[in-house]
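J.: Structure below; questions to follow.
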Amino acid sequence: MGMTLAVARREFKSFFNSPVAYIVLGGFLLTSGWLYFSTLFVAGQASLRGFFGLAPVLFVIFVPAVTMRLIAEERKSGTLELLLTLPVRDWQVVTGKFLAALGMVGVGLLLTLPYPLSVAALTAEGTSLDWGPVVMGYVGLLLMASSFLAIGLWASALSRNQIVGFIVGLVLCFAFYFIDKFAVVLPQTLAELLQYLSVDYHFDNIARGVLDSRDVLFYVTLTVVGLGLTTRTLGNVRQ
């Protein structure tokens, strides 16, 4: 565990030692802020519906941007081979990079907390903000981010080019987000399968304020599979 945390600290610091963190976080906050304030001022509603409704779509784009360089850039520069010669297991390297990327996403979500606080302040007198769906919405976003990060890490491990890693990660995240949109034209059994494989379907369930173990299990399983594929790919690189 010590080696895993050491890798995580190294990667987390490297995010903020380069423009990557500031570009990704800035783009995410500008876009999510526009979604929130457009609902507030244009629609005249103090609501987080616009933010939680489109934040998953933002994750489809911004999460692969976080993970694209984590392994691909190290493979290109040769530092990954150097790292793998140290007494550290492949899964520790993968988990450490995953935790660093999750920390980065966590910082981004932390910076959006003024949104629910402002909604709570603007609610009509005699009413109060229902914090249950808000808290569950953030929990759902973290779970979704975890699965996307694991997928993005695998995409980054498949190539030495971080642009290729970004494109592959974007396509995979896009597929897992939009897969249930095709369910309406398919037989019921297949439609239910595609719906279950959709990260958006499970996020909608959690964002309603109910944390169902089936939804959590889906995200955990997708995350573990992604990290497992990344570890296997790193093992092939070591050989």
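J.: Once you have a ≥ b ≥ c as the square roots of the Cα gyration tensor eigenvalues for the chain, tell me rounded if a/c is under 1.5, and otherwise prolate or oblate according to whether a/b is larger than b/c.
T.: Taking the square roots of the gyration eigenvalues as a ≥ b ≥ c, the chain is prolate.
J.: Next question, about the same structure. Find how much the distance from residue 1 to residue 220 grows on full extension, using 0.36 nm per residue of separation minus their present alpha carbon separation; answer in nm with one decimal.
T.: The span from residue 1 to residue 220 would gain 76.9 nm if fully extended.
J.: Any idea what angle helix 213-238 forms with the longest principal axis of the chain, computed on alpha-carbon atoms, 0 to 90 degrees, nearest 10?
T.: Approximately 20 degrees, to the nearest ten.
J.: Once a ≥ b ≥ c are taken as the square roots of the eigenvalues of the Cα gyration tensor of the stretch 178-239, is the result rounded (a/c under 1.5), prolate (a/b larger than b/c) or oblate (a/b not larger than b/c)? Provide the component values of the computation, followed by the final result.
T.: Details: a/c = 3.45, a/b = 1.66, b/c = 2.08.
Oblate, because a/c is 1.5 or more while a/b does not exceed b/c.
J.: Restricting to DSSP H runs of at least four residues, report the calculated mean residue ellipticity at 222 nm for the chain, -39500 (n - 2.57) per run over all residues, nearest 500 deg cm²/dmol.
T.: Mean residue ellipticity, 222 nm, calculated: -25000 deg cm²/dmol.
J.: Let me ask something additional. Using the Kirkwood formula over every pair of different C-alpha atoms, what hydrodynamic radius in Å results for the stretch 91-166? Let's see the in-between values first.
T.: Working: mean 1/r = 0.0682 Å⁻¹.
It is 14.7 Å.
J.: Leaving out ligands and nucleic acids, and using a 1.4 Å probe, what accessible area per residue does the chain come to in Å²? Write down the numbers at each step before the final one.
T.: Working: 11950 Å² over 239 residues.
With the other protein chains kept in place, the chain gives 50 Å² per residue.
J.: What does the extension gain come out to for residue 192 and residue 161, with contour length at 0.36 nm per residue minus their alpha carbon separation? Could the numbers behind the result be given before it?
T.: On the way: separation 31, 0.36 × 31 = 11.16 nm, distance 3.64 nm.
Extra length from residue 192 to residue 161 when fully extended: 7.5 nm.
J.: Follow-up. What's the angle, to the nearest 10 degrees (0 to 90), between helix 162-178's Cα axis and the longest principal axis of the chain?
T.: 40
J.: Quick check for me: using +1 on Lys/Arg Cβ and -1 on Asp/Glu Cβ, what's the dipole size of the chain about its Cα centre, in debye to the nearest 20?
T.: Here the size comes out at about 800 debye.
J.: Let me ask something else. Using alpha carbon centroids, what distance separates the stretch 128-159 and the stretch 198-239, in Å?
T.: Distance between centres, Cα-based: 9 Å.
J.: Once both axes come from the Cα atoms, what is the angle between helix 19-37 and the longest principal axis of the chain, in degrees from 0 to 90, rounded to 10?
T.: Compared with the principal axis, the helix lies near 20 degrees.
J.: In what sequence, highest mean first, do 195-208, 100-113 appear when ranked by Cβ atoms within 10 angstrom?
T.: Values: 195-208: 19.3, 100-113: 17.7.
Highest-to-lowest ranking by the protection proxy: 195-208, 100-113.
J.: Ignoring ligands, DNA and RNA, what percent of the accessible area of the stretch 167-207 is carbon or sulfur (1.4 Å)?
T.: Roughly 74 percent, rounded to a whole number.
J.: Continuing with the same structure: Between rounded, prolate and oblate, where does the stretch 100-239 land on the alpha carbon gyration tensor, with a ≥ b ≥ c its root eigenvalues, rounded for a/c under 1.5, else prolate if a/b exceeds b/c?
T.: Judged from the Cα gyration tensor, the stretch 100-239 comes out oblate (a/c at least 1.5, b/c at or above a/b).
The values are calculated or read from the model by the stated rules, or taken from the named source; none is laboratory data. Since the structure is predicted, the reported quantities are computational estimates derived from the model, not experimental observations. We place every Cβ from the backbone using ideal geometry, glycine too, and count neighbours over all the protein chains shown. Only protein heavy atoms, including side chains, enter the accessible area calculation; ligands, DNA and RNA are left aside. Shrake-Rupley method; radii C 1.70, N 1.55, O 1.52, S 1.80 Å.
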